[in-house]
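Chemist: Just passing along the structure, written as structure tokens.
Please treat every number below as a calculation from the coordinates, not as lab data. Keep in mind that what you see is a predicted model, and the values were worked out from it rather than measured. Note: ideal-geometry Cβ built from the backbone for every residue, glycine included; neighbour counts use all protein chains shown.
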Amino acid sequence: MVRNVVQVDPAKFPWLDLRRYTFSMAVEASGVVYISGQTAGEYNADAGRVVCKGGLVEQTRLIYEKLAVVLEAAGLGFQNVVKTVDYLDPVALPHYRQTAAVRREYLRGPVASTGVCVQRLLRRESLIEISAVAMTGDKRAVGSEGSDRSLTFAPAVESGDIVWLSGLVGHEDVDGQSHYPQDTRRQLELGYQTVNRVLEAAGARPSDVVASLEYVDPQAFLSYPDAEGVRGEFFGDMLPAATGVVVNRLLRPEGHVELEAVAVKGGERQQIVLPEWKAQGNAVPGTKKGRMLHISGQSAVDHATGESVGGYDVAAQAEQAYRNVSQVLAAAGYTLDDVVNTIEWVAPNGLMGYREVQEVRRKLFGQDFPSATGVMAHRFTRPETLFQVAAVAVV
């Protein structure tokens, strides 16, 4: 099989020595470019290490300077960006609105976006990390009629056959005001109703969704397992790949769960199932439609037995999680060579050993690294879980 993936690493990247890392700055495949999560980190010769300086706005501006360099190396610009995700350190939340001016300065045209408070970023001085997706070709805003014009993002952006949805929190109109019910199941129902309206505006259906991501607020941790059935009710037999992660908090204090999704219009839909795996609830191991193959979040679970493996060794857990990813890819007829992006979530008590995961990535990917983002989750459903990864292949 011909390798479809092209690594995009700028010839000049003055902030970091890219040879030290186990990810590519960006990866392009079939007109889709995934850009690794960027912080304001830059190597300081006097300190002998990478440091992050300045306040939130200053760090955000430096990140967009980095993104400009990566986009240029891919032969693209900010007019090609279709999706961004802002991972925010909780201490920076009071100043987050100030970063809107930086977004307006750099971004061109409509962009789907999600902002979420993680437990903390991996670089201690970092206040924000931003990942992005860009596409060749035109793009248009979806579902923006009646949206708040002060916002710097659209409910969704469509480019080619792919629809990228922003993070959405379910709410209802009560006496002309947005009301967020404090019942997790009801809020999820309303959230998926909003997802459906955005999909309809794009000429898409729930069956076109290839991946959903649910960010869970800690206040909903206990009620979330009982509410997960909403996803199954919404998608029916057309379940997508799915990832759920508990974060430090949502930007909207009344929010219990924030939904994010990717849909592909047209093309044949293929649900990747492994008969030897035990049932995974309201998700399938992977979903392929068109050129997109999304894999549900994988942790250190041996799905043949349902048991956790790796003990409290985060590298051992990562190896099992990536073994699961590889099995899903193989069932679809692909390999890790086709992966363009990974999002790694690490538990607070796994952070000390997280550097060792680099060796796992070297062993698995060789030098053909995908783009990547790594951030800290608040916790996982299983208390022994230290690591979870979601992966995307473009085929």
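Chemist: Could you pull out the chymotrypsin sites (Phe, Trp or Tyr not before Pro) across segment 197-301 that fall in loop regions by DSSP (anything but H, G, I, E, B) with no more than 14 other Cβ atoms inside 10 Å?
Modeler: none
Chemist: Could you run the Karplus curve 6.51 cos²θ - 1.76 cosθ + 1.60 with θ = phi - 60° over segment 289-300 and give me ³J(HN,Hα) per residue in whole Hz, x for Gly and Pro?
Modeler: So the J values, rounded to whole Hz, are 8, x, 8, 9, 10, 9, 10, 4, x, 10, 10, 7.
Chemist: What shape does the chain have by the C-alpha gyration tensor, where a ≥ b ≥ c are the square roots of the eigenvalues, rounded means a/c under 1.5, and otherwise prolate means a/b greater than b/c and oblate the rest?
Modeler: Rounded, because the longest to shortest axis ratio a/c is under 1.5.
Chemist: Would you mind telling me which residue in GLU200, GLU307, GLU42 has the biggest mean-square fluctuation in a Gaussian network model of the chain, where springs connect alpha carbons within a distance under 10 angstrom?
Modeler: Highest fluctuation of the listed residues: GLU307.
Chemist: Moving to a separate point now. Check PHE387: other-chain or 5+ apart residues with amide H under 5 Å from its amide H, H built from backbone geometry?
Modeler: ALA300, ALA347
Chemist: Go ahead and set up a Gaussian network model of the chain, Cα springs under 10 Å, then flag whichever of VAL309, VAL33, VAL245 fluctuates most.
Modeler: The residue with the greatest mean-square fluctuation here is VAL309.
Chemist: Could I ask something else about it? In vacuum, with every alpha carbon of segment 1-67 counted as one equal point scatterer, what does the Debye formula give for log10 I(q)/I(0) at q = 0.12 Å⁻¹? Two decimals, please.
Modeler: -0.38
Chemist: Hey, another quick one. When a/c is below 1.5 the answer is rounded, else prolate if a/b is larger than b/c, else oblate, so apply that to segment 1-139 with a ≥ b ≥ c taken from the square roots of the Cα gyration tensor eigenvalues.
Modeler: Values: a/c = 1.86, a/b = 1.22, b/c = 1.53.
Verdict is oblate for segment 1-139.
Chemist: Given H placed 1.01 Å from N in the peptide plane, which residues other than close sequence neighbours of ILE272 have an amide H under 5 Å from its amide H?
Modeler: So ILE272 has HN proximity to GLY286, THR287, LYS288.
Chemist: Got a sec to turn the phi values of segment 124-138 into Karplus ³J(HN,Hα) couplings, 6.51 cos²θ - 1.76 cosθ + 1.60 with θ = phi - 60°, whole Hz, x for Gly and Pro?
Modeler: 4, 7, 5, 9, 8, 10, 10, 10, 8, 10, 10, 9, 6, x, 7
Chemist: A further question on this structure: Any idea what the dipole of the chain comes to, in debye rounded to 20, about its Cα centre with Lys/Arg Cβ at +1 and Asp/Glu Cβ at -1?
Modeler: Values: 39 positive and 47 negative charges, 159 e Å.
Dipole about the Cα centre, nearest 20: 760 debye.
Chemist: Using a Cα-Cα cut-off of under 27 Å, which lysines could be cross-linked to LYS83, ignoring same-chain neighbours fewer than 8 residues away?
Modeler: LYS83 reaches LYS12, LYS53, LYS66, LYS139, LYS265, LYS288, LYS289.
Chemist: Which helices pass in the chain if a helix is a full DSSP H run, must span at least 18 angstrom along its long axis by Cα, and must have mean Kyte-Doolittle hydropathy not below -1.0?
Modeler: Long hydrophobic helices here: 56-73, 184-201, 314-332.
Chemist: Looking at segment 182-288, what % of its DSSP beta bridges pair antiparallel, to the nearest 5?
Modeler: The antiparallel fraction comes to roughly 60 percent.
Chemist: Also, I was wondering about something else. What value, in deg cm²/dmol to 500, does the helix sum -39500 (n - 2.57) over DSSP H runs of n ≥ 4 give at 222 nm once divided by the residues of the chain?
Modeler: Theoretical 222 nm ellipticity from helices: -6500 deg cm²/dmol.
Chemist: At a Förster radius of 45 Å, what calculated FRET efficiency corresponds to the Cβ-Cβ distance of ALA47 and GLU307, to the nearest 0.05?
Modeler: 0.55
Chemist: If you don't mind, there's one more thing I want to ask. In whole Hz, with x marking every Gly and Pro, tabulate ³J(HN,Hα) for segment 43-50 from phi via Karplus 6.51 cos²θ - 1.76 cosθ + 1.60, θ = phi - 60°.
Modeler: Those phi angles translate into 6, 10, 5, 5, 7, x, 7, 7 Hz.
Chemist: Arranged by the count of other C-beta atoms within 10 angstrom, fewest first, what order do LYS288, LYS12 take?
Modeler: In order of increasing Cβ crowding within 10 Å: LYS12, LYS288.
Chemist: Please find the FRET efficiency linking ARG355 to THR381, where r is the Cβ-Cβ separation and R0 is fixed at 25 Å, and quote it to the nearest 0.05. Before the final figure, lay out the partial values.
Modeler: Numbers: r = 25 Å, r/R0 = 1.00.
So, using R0 = 25 Å, E works out to roughly 0.50.
Chemist: If r is the Cβ-Cβ distance from GLN98 to SER178 and R0 is 30 Å, what FRET efficiency results, to the nearest 0.05?
Modeler: On the way: r = 23 Å, r/R0 = 0.77.
Working from the Cβ atoms, E equals 0.85.
Chemist: List every residue whose amide H lies under 5 Å from the amide H of ALA156, counting only residues 5 or more places away in sequence or on a different chain, with H placed 1.01 Å from N in the peptide plane.
Modeler: Amide H neighbours of ALA156: VAL142, SER166.
Chemist: Specify the residue with the greatest mean-square fluctuation among LEU274, LEU329, LEU151, computed from a Gaussian network of the chain linking alpha-carbon atoms under 10 Å apart.
Modeler: Highest fluctuation among the options: LEU151.
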